[in-house]
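> The structure's right below; bear with me while I get my questions together.
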Amino acid sequence: MYTNPKPCKHLADYKLRHGLSGYNLLQEQIRTTPSGKSSVKNHQTEIPRCCFCNGYQKRLYLCLICSSISCSSHTLLHSQCENGHDIAVDIERSELYCVLCCDQVYDPDFDKIVMLKHLMDLPRSGNGVDVSAGRRSSKRRRLCSALELDLKKTKQLVSMRDLRAKSCYPLGLRGLNNLGSTCFMNSVLQALLHAPPFRNYFLTGQRNHEVCRKRSSDRLCLLCDIYVFFSAVFSGDRTPYSPAQLLYSWWQHSANLASYEQQDAHEFFISVLDGIHENGVKARNTGECHCVAHRVFSGQLRSDVTCMSCGYTSTTYDPFMDISLNLDTGNCPSTDLANKSLKPSDNTYVSTLLGCLDLFTKPEKLGSDQKFFCENCQERQDSVKQMSIKRLPLVLCLHIKRFEHFPVRRMSRKIDRYMQFPFCLDMNPYLSSSVVRNRFGNRMFAFEGDELDTSTEFEIFAVVTHSGTLDSGHYVTYLHLKDQWYKCDDAWITAVEEEVVRASQCYMLFYAQKMLYYKANEDLVCQPVSPRADPFLPIAGCC
Amino acid sequence: MSAKRSSINRPPTPDVDRDRENQEPTLQEIINIKMIESGEKERLKELLRERLIECGWRDEMKSLCRKKGRNNVTVDDLVHVITPKGRASVPDPVKAELLQRIRSFLASTAT
């Protein structure tokens, strides 16, 4: 979130005396360079020079009052010669500078004027900024409030007690038997069991399997099977559970993956969500789908493709259920001459999740074989593509692409490179509002899509790790419940230290919006409560 | 009266504008003007920006700036401190590529 910094005394004085007149006069001289930056260029083709030393190679500043140009060494001199001429504009960058503070200063009024000129100059598309949009999405708020109700219900249910539970492990911790190379399934299921809104949906009986039409006609229903699965795991029974029915149900849906071979956990995850979506509420033609899979996991990606000739930007939005990230390796794409890179040795570079996210949102030049048809130029041009996140989901699943497939060579390999990941993640820099804002330099300008009401802070709750090779490997999930990490290795669950988790080779990372995570953890608190003899509710569990 | 005498004896203040016209523009200035007029300077700047980002130079400068902290730091401070380090750490291949570009530009505009 951007808060406007307080103006320095000199800027405040200038504003009092001159208001916006200086800015408005300057506006005519602002030009947009082909690369998309705003510079001050007067109509003369002369190159700007310092009025004291005639230099043209340092940073040059244009006085807002008298338009005289000084270089960085002589701005102070100008201010001494002319009283009150304290505020100037960096010619190359169109940014405000206070001569007496020797520092950049910010004024939203100034930035607004620069941006307006900039947008007027750009061809049609405004480089991806929609100035007219001021609408806020109220859909998100409605969904959130609907899920709020779920949490209250969960709390009521959780206060029931089941005498079978012996330990004081948190609720919902139960080993899953391996049914024949099904660790890929078990690992993902453990994560799903503890995705806060997903869990709440199934535990609060929103999935009313009594009236499910499919079941009544003896057909398989994936949603009902998941519901039964959740009930079993949260029942308080700690003996390892065999999710055979669920496996069978899933096979029916994804026939191509039905075998006893090891599968990819990420593929399973996508396939299960897809199964839930298809089995669930019929999606309307317009607007968002309200099946639980979409409500919990779906977000929206924004893709901007900018023509390198004229700057025209084409923006598209696509939904996502998870984000697949390439590992950042710190290698620069080699120029033919580059034998010497800046970093002393590439072997010491550690990949991080933030590095991968940076890579994901980095502007990427499209190859010459992928020339994009520019609406403005009316021909195919070289273009630059940049991804950003328009809307974050409640639960963010990040998939690290560790399996490389080479169709030409007909081989696949696994990338074992270690990747460091944080337990708390702030997604703000990767949002469309941040990414688009950065294209225009240092500005205090409210961009559309500045969602002030949605949080960008996430907490990790599950990590699916893979060890071994592509053909013979093993998946293990680490769950973060109530400040304790648990290792879920098929049927064996053990408490572990967080160092173990940090050192693991992550494959899929599950983050929940901070508020949801903390609320969910409150629900798992074990409290002694008198048992209720209500047999109707299938879930009873507390320790 | 001594003040007046010294003012008569004082040499005239050098007039900046007159000086500018008298001096021949240096070769460097001519090249610079030609590059700006043709738009080549802008293109080279973009190319340089791209190469410096790719090889991690910009990220290194960013972390150097961050080391100075966030309080009581001005733009001028940063520029003053970073500039020599920045200039020194530009990788040779990048320099070579840009020099090559400038050479071909000069060759193409030779009159």
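> Can you give me the distance in nm between label points at residue A:57 and residue A:41, each placed 7 Å from the Cα along the Cα-to-Cβ direction?
Placing both labels 7 Å along Cα→Cβ, they lie 2.3 nm apart.
> Per residue of B:79-87, what is the mean number of Cβ atoms on other protein chains within 10 angstrom of that residue's Cβ? Mind dumping the intermediate values first?
Numbers: counts 4, 2, 0, 0, 1, 0, 0, 0, 0.
Mean inter-chain Cβ contacts per residue within 10 Å come to 1.
> Now, a different point. How well do other chains shield peptide B:34-45, expressed as the mean number of their Cβ atoms within 10 Å of each residue Cβ?
Mean partner-chain Cβ count within 10 Å for B:34-45: 2.
> Compactness ratio of the range A:373-514: Cα Rg over 2.2 N^0.38 Å, N = residue count? Numbers along the way, then the final one.
On the way: Rg = 19.9 Å, N = 142, 2.2 N^0.38 = 14.5 Å.
Rounded to two decimals, the normalised Rg is 1.38.
> Label points 7 Å out from Cα along the Cβ direction at residue A:28 and residue B:71: separation in nm?
4.6 nm
> When ranked by the protection proxy of mean other Cβ atoms within 10 Å per residue, highest first, what sequence do the peptides A:68-78, A:51-61 form? Let's see the in-between values first.
Numbers: A:68-78: 20.1, A:51-61: 16.8.
Going by the mean number of other Cβ atoms within 10 Å, highest first, we get A:68-78, A:51-61.
> Let me check against my output: what whole-number percent is the relative contact order of the range A:386-520, with C-alpha pairs under 8 Å and at least 6 apart? Please list the in-between numbers first.
Details: 202 pairs, mean separation 40.6, N = 135.
Averaging sequence separation for qualifying contacts and normalising by length gives 30 percent for the range A:386-520.
> How shielded is B:57-68 by partner chains, expressed as the average number of their Cβ atoms within 10 Å of its Cβ atoms? Don't skip to the end; give the middle numbers.
Numbers: counts 2, 0, 4, 2, 0, 0, 0, 0, 0, 0, 0, 0.
Mean inter-chain Cβ contacts per residue within 10 Å come to 1.
> Sticking with this structure for a sec: How many nm separate the modelled label positions at residue B:90 and residue A:251, each set 7 Å beyond the Cα in the direction of the Cβ?
With each label point 7 Å from Cα toward Cβ, the separation is 6.5 nm.
We did not get these values from a lab; they are worked out from the coordinates using the rules stated. All figures in this text were calculated on a predicted structure; none of them were measured in a lab. Glycine gets a Cβ as well: all are built from the backbone with ideal geometry, and neighbour counts include every protein chain shown.
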